[in-house]
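Structure first, commentary second.
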Amino acid sequence: MHDQPSVSELIAAVKHFIDETAAPNLSGHAGFHARVASNALATVLRDLKARVPNDMAEAKRLRDLLSAPNTVFLAELNRNLCDRIRSGEITPETPGLLAHLKATTMAQVEVDQPRYSGLKTAKEKSPTV
C-alpha cells in the first residue's frame, strides 16, 4: 500500500499555502515573488499531468514522420529530425512536418502558458491538432 502523498499532491499543497496563506500577507517584492512561485508551481503541475501523454503523442508523430521503429526513444527521434532537416532531406514541404511542429508547440504552450491568446486562436483554427 502506498499511502504517501504523490509529487503532484505535495506541489499542490505548497501552491495552496502560497496562494491562501503566504501571498495575502506579503507585499512588495515578497508578494511579487510569492505570485511568481505560485505560477511556477502551477506550470510544474500542468507538466506533471501532460508530460507522458504529450511525449507519447510526439514520439508517435515523429515515428510516423521518420518511418522509425517503436524502439527509438523521443530524444533520438528529435535528433534524427534535426539531422534530416539540416541535411535538407526533410523540408517544410515534407508531409506531416508542419502539423507535427504545430502540435508539439501547442502542447508545450498548453503547459507553459495555457491562457495565451494565440493558443486559443490556434485551437480554433486547428481543433484536431
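The values are calculated or read from the model by the stated rules, or taken from the named source; none is laboratory data. Remember, it's a predicted structure, so these values are computed and weren't measured experimentally. Here the Cβ is made from the backbone with ideal geometry for all residues, glycine too, and neighbour counts use every protein chain on show.
For segment 65-92, which positions are loosely packed, with under 13 Cβ neighbours inside 10 Å and either touching a Lys or Arg at 6+ places or on another chain (Cβ under 7 Å) or part of a helix (DSSP H, G or I) (or both)? Spell out how you get there, then give the answer.
In the first step, residues of segment 65-92 are kept if they are loosely packed, with under 13 Cβ neighbours inside 10 Å; the result is 67, 69-71, 73, 75, 79, 82-83, 86-89, 91-92.
Within segment 65-92, Asn70, Ala75, Arg79, Cys82, Asp83, Arg86, Ser87 qualify.
Across segment 93-115, what is the number of residues that are in contact with a helix residue (DSSP H, G or I) (Cβ under 6 Å, 6 or more places away or on another chain) and outside any helix (DSSP H, G or I)?
1
Considering only residues that are among the hydrophobic types (A, V, I, L, M, F, W, C) and at pLDDT 95 or above, which ones fall in segment 1-17?
Val7, Leu10, Ile11, Ala12, Ala13, Val14, Phe17
Just to be sure I understand, how many residues within segment 1-45 are surrounded by fewer than 12 Cβ atoms within 10 Å (Cβ to Cβ), assigned to a helix (DSSP H, G or I) and charged (D, E, K, R)?
Residues flagged as surrounded by fewer than 12 Cβ atoms within 10 Å (Cβ to Cβ), assigned to a helix (DSSP H, G or I) and charged (D, E, K, R) within segment 1-45 amount to 2.
What number of residues within segment 17-59 are over 30 Å from Pro69 (Cβ atoms) and in contact with a helix residue (DSSP H, G or I) (Cβ under 7 Å, 6 or more places away or on another chain)? Give the derivation first.
Of all residues in segment 17-59, those over 30 Å from Pro69 (Cβ atoms) come to 17-46.
Narrowing further to those that are in contact with a helix residue (DSSP H, G or I) (Cβ under 7 Å, 6 or more places away or on another chain): 18-19, 22-23, 26, 31, 34-35, 37-38, 41-46.
Here the count works out to 16.
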